[in-house]
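Engineer: Sharing a structure here in structure tokens format.
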Amino acid sequence: MPDPVLLVLDAAPSPRLGRLTGRADVRYADSGSLARLLPAADALLVWDVASDAVRAAWPGPGRRPRWVHTAGADVDRILCPELVASDTVLTTARGLFERPVAEQVAGLVLALAQDLPGTLELQRQRRSRPREGRRVAGTRAVVVGAGPVGREITRLLHGLGVTVALVGRTARRTIHGAADLDPLAARADWVIAAVPLTNRTRGMFDRRFFGLLQPSACFVNVGRAACVVRADLVDALERRWFAGAALDVFEDEPPVADDPLWDVPGLLVVPRPSGDRAGWRDRLSERFVALYERWERGEPLPDPVDKERGYVPSPDLSGVTGGRPAIAPPPPASAPPPARPVPVPDAGRDRPSDVPPPPVSG
Ligand SMILES: NC(=O)c1ccc[n+]([C@@H]2O[C@H](COP(=O)([O-])OP(=O)(O)OC[C@H]3O[C@@H](n4cnc5c(N)ncnc54)[C@H](OP(=O)(O)O)[C@@H]3O)[C@@H](O)[C@H]2O)c1
């Protein structure tokens, strides 16, 4: 029996696949050659996670790999209707990024609370000015996205003394459903976005959403850039609807030098994805080789993507019927946050006047 053909959509530096020598017929493709090489492949490793080549090449003629693995956490660049409809198994690098991303979020929350950018600017100017930082302990966060990244962020923020509400798409036990997001966000000090890019989440953090936030709140995105309407975020920050924001992910990665985003007041731009920590490429290779060994033995692969949903479903979703979480969201205050889009405020006004002040307790 010939070795299975493993096609690698490559990017430098290439993955370390030496352990597969004599067990896989490893071939390499780039975006130009992928469509031609796909029909001969039994498995595809998407090492170039910034590429849209799979989505472009997959709908072509010929047979297709039985397994596709991406070295990233996301599948929105890969999925196309033909792949969704196929019986090809899709897996991700889930499990490798959670801790680094959560540490980054904790660091960003501490940096925003202490106005670290302002401190560094004062240091650059060799000046001192009396300022008061914010206490992080005792504040409230809402983490949007209850996957492994959102859960690890929740754990670390708990450790800082932050009360965290975790929001997924579906409510169960201690996880709120998406319908609870608005009232939770309206009383949060920190809103952390960690959702995958799907039809439902594209542009979900928009003008209407930013209009809900408290003036003292901060927004952090470590999920996918297109979940945020960038122009709306910039506009809301410039109007000081809320206190600050940090972006870890960008549609153009990294942002170009003359991107106006670098200069938006109150915005921390993190110029490299927080999941990229020393040794991460080697760990991605090791993870893939371990999965390959399972696959060649005919064993089921762990955590396959639900291609219809566009992400790996959480294990605690089985049997969930959409009930309320055990930790219920706060009751609405006498004047609840608007469920409909807030009217666009006039230029020069600080905040939409019909966004009520947040409840002070609950
Ligand atoms: N910045 C970085 O370096 C970096 C590194 C790795 C990952 N990430 C990003 O982190 C994000 C999270 O990754 P992950 O692996 O933890 O999870 P994931 O598999 O991408 O997302 C699954 C979670 O998202 C929730 N979700 C889906 N649609 C939703 C909606 N409309 N409203 C609220 N929640 C919704 C799901 O809810 P249910 O559980 O109810 O289905 C589930 O909890 C992704 O965007 C990924 O790209 C960033």
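Engineer: Take the residues of the range 287-314 that are without any contact (Cβ under 8 Å) to a residue 40 or more places away in the chain and among the charged types (D, E, K, R): which is surrounded by the fewest Cβ atoms within 10 Å (Cβ to Cβ)?
Structural biologist: 297
Engineer: I need the helices (runs of 4 or more DSSP H) fully contained in the range 1-91, keeping only those with at least 1 residues that are farther than 26 Å from residue 227 by Cα and modelled with pLDDT of 95 or more.
Structural biologist: Passing ranges, in order: 34-37.
Engineer: Tell me which of these residue 266 doesn't satisfy, since it passes every other one: (1) in contact with a strand residue (DSSP E or B) (Cβ under 6 Å, 6 or more places away or on another chain); (2) modelled with pLDDT of 95 or more.
Structural biologist: (2)
Engineer: Give me the pairs: first residue in the range 139-164 and within 18 Å of residue 197 (Cα to Cα), second residue near the ligand (Cβ under 7 Å from one of its atoms) and among the hydrophobic types (A, V, I, L, M, F, W, C), beta-carbon distance under 6 Å, and six or more apart or on different chains, which are they?
Structural biologist: Once the first residue is within 18 Å of residue 197 (Cα to Cα) and sits in the range 139-164, its partners that are near the ligand (Cβ under 7 Å from one of its atoms) and among the hydrophobic types (A, V, I, L, M, F, W, C) give 144/167; 144/195; 145/194; 145/195; 146/175; 149/101; 149/194; 150/194.
Engineer: Conditions first: (1) closer than 25 Å to residue 169 by Cα; (2) in a loop (DSSP other than H, G, I, E, B); (3) among the aromatic types (Phe, Trp, Tyr). Residue 241 passes all but one, so which condition is the exception?
Structural biologist: All conditions pass for residue 241, except number (1).
Engineer: Out of the range 217-238, which residues are out of contact with any Pro (no Cβ under 9 Å at 6 or more places or on another chain), in contact (Cβ under 8 Å) with a residue 60 or more places away in the chain and either assigned to a loop (DSSP other than H, G, I, E, B) or away from the ligand (no atom under 16 Å from the Cβ) (or both)?
Structural biologist: 218
Engineer: Could you look through the range 33-58, keep only residues that are more than 11 Å from residue 7 (Cβ to Cβ) and in contact (Cβ under 8 Å) with a residue 40 or more places away in the chain, and pick out the one that is surrounded by the fewest Cβ atoms within 10 Å (Cβ to Cβ)?
Structural biologist: So the residue we want is 50.
Engineer: Let me ask you something else. Those residues that are of a type in the set (Lys, Arg) and within 17 Å of residue 26 (Cα to Cα), I need them from the range 283-293; list them, please. Give the steps one after another, and end with the answer.
Structural biologist: Our first condition is that a residue be of a type in the set (Lys, Arg); within the range 283-293, this holds for 283, 287.
Selection gives 287 alone.
Engineer: Only one residue in 144, 136, 164 is in contact with a Gly (Cβ under 8 Å, 6 or more places away or on another chain) and within 16 Å of the ligand (Cβ to nearest atom). Which one? Don't jump to the end; show me each part of the working.
Structural biologist: Details: 136 fails: within 16 Å of the ligand (Cβ to nearest atom); 164 fails: in contact with a Gly (Cβ under 8 Å, 6 or more places away or on another chain).
When all the criteria are applied, what remains is 144.
Engineer: Tell me, which residue of the range 267-280 that is exposed (fewer than 15 other Cβ atoms within 10 Å of the Cβ) and out of contact with any Pro (no Cβ under 6 Å at 6 or more places or on another chain) is farthest from residue 228 (Cα to Cα)?
Structural biologist: Ranking the candidates gives 279 first.
Engineer: Further, regarding this structure: So, in the range 132-154, exactly how many residues are of a type outside the set (Ser, Thr, Tyr) and out of contact with any helix residue (DSSP H, G or I) (no Cβ under 7 Å at 6 or more places or on another chain)?
Structural biologist: 10
Engineer: Determine which member of the set 116, 96, 112 is surrounded by fewer than 21 Cβ atoms within 10 Å (Cβ to Cβ), away from the ligand (no atom under 14 Å from the Cβ) and within 28 Å of residue 219 (Cα to Cα).
Structural biologist: Within the list 116, 96, 112, the selection yields 116.
Engineer: Can we say residue 30 is free of Cβ contacts under 8 Å to residues at least 60 places away in the same chain, in contact with a helix residue (DSSP H, G or I) (Cβ under 9 Å, 6 or more places away or on another chain) and outside the structural domain of residue 194 (by TED's automatic domain parsing)?
Structural biologist: yes
Engineer: Against the definition (within 16 Å of the ligand (Cβ to nearest atom), at pLDDT below 85, out of contact with any strand residue (DSSP E or B) (no Cβ under 6 Å at 6 or more places or on another chain) and under 30 Å from residue 242 (Cα atoms)), how does residue 318 come out, yes or no?
Structural biologist: Considered against the rule, which asks whether it is within 16 Å of the ligand (Cβ to nearest atom), at pLDDT below 85, out of contact with any strand residue (DSSP E or B) (no Cβ under 6 Å at 6 or more places or on another chain) and under 30 Å from residue 242 (Cα atoms), residue 318 comes out as no.
Engineer: I'd like the full set of residues that are polar (S, T, N, Q) and modelled with pLDDT of 90 or more, limited to the range 92-142.
Structural biologist: Selection gives 92, 104, 114, 123, 125, 128, 139.
Engineer: Looking at (1) in contact (Cβ under 8 Å) with a residue 40 or more places away in the chain; (2) out of contact with any Asp or Glu (no Cβ under 7 Å at 6 or more places or on another chain), which is the one condition that is false for residue 91?
Structural biologist: Of (1) in contact (Cβ under 8 Å) with a residue 40 or more places away in the chain; (2) out of contact with any Asp or Glu (no Cβ under 7 Å at 6 or more places or on another chain), only one is false for residue 91: (2).
Engineer: Give the residue that is nearest to the ligand (Cβ to nearest atom), with candidates limited to residues of the range 167-184 that are touching a residue at least 60 places away in the same chain (Cβ under 8 Å) and either touching a strand residue (DSSP E or B) at 6+ places or on another chain (Cβ under 8 Å) or on the phi > 0 side of the Ramachandran plot (or both).
Structural biologist: 168
The values are calculated or read from the model by the stated rules, or taken from the named source; none is laboratory data. Keep in mind the model is a prediction, meaning the values are calculated, not measured. FYI the Cβ positions are ideal-geometry reconstructions off the backbone, even for glycines, and counts take in every protein chain you see.
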